[in-house]
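The values are calculated or read from the model by the stated rules, or taken from the named source; none is laboratory data. Because the structure is predicted, anything quoted here is derived from the model rather than measured. Don't worry about glycine lacking a Cβ; one is built from the backbone with ideal geometry, like all the others, and counts go over all protein chains shown.
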């Protein structure tokens, strides 16, 4: 497929950003991948706004945009932006395939969805690893507490006064 050479998975994954605790892609990155100008993508979305609730797409705030431009060195256009870019969640990207009906848009959407699925699996593996570490730390804390108790018990036994004790049993050297 032609799009595989143009947009490898790594290039698509590099365009996925974390905003508001969600994985999103920006409108201008999606427009580039779909081969349409950003204003055309935005027009198509605005004509079908009912398909894009806030959990599918939202405009970035000034602060979010500033954070993204500083973190990933997004170049600022010569004249600046008239409006803040839209961020599309995974569901929003899926919905774009119903709004943009070209073969290229469908092929690119399939690739993007596969990248999102792969990222979700990686994040799930990280979560499982984190939970395992937390369980191990909890067990270690219990083990540490048990060792402290054991040392305290041994210390108490060693600290007992010995005094003169009556010896019981065989004493070497006694006449028979």
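A few notes on this one:
- Top-ranked residue in the stretch 115-144 [being closer than 30 Å to residue 47 by Cα and in contact with a helix residue (DSSP H, G or I) (Cβ under 7 Å, 6 or more places away or on another chain); ranked as modelled with the highest pLDDT]: 115
- Residue that is surrounded by the most Cβ atoms within 10 Å (Cβ to Cβ), among those in the stretch 71-97 that are in a helix (DSSP H, G or I) and at pLDDT 80 or above: 96
- Residue 34 falls short on exactly one of the conditions (1) within 22 Å of residue 99 (Cβ to Cβ); (2) in contact with a strand residue (DSSP E or B) (Cβ under 9 Å, 6 or more places away or on another chain); (3) surrounded by 13 or more Cβ atoms within 10 Å (Cβ to Cβ); (4) at pLDDT 85 or above, and that condition is (2).
- Applying the criterion of being more than 18 Å from residue 99 (Cα to Cα) and without any contact (Cβ under 8 Å) to a residue 40 or more places away in the chain to the residues of the stretch 12-31, the residue that is surrounded by the most Cβ atoms within 10 Å (Cβ to Cβ) is 15.
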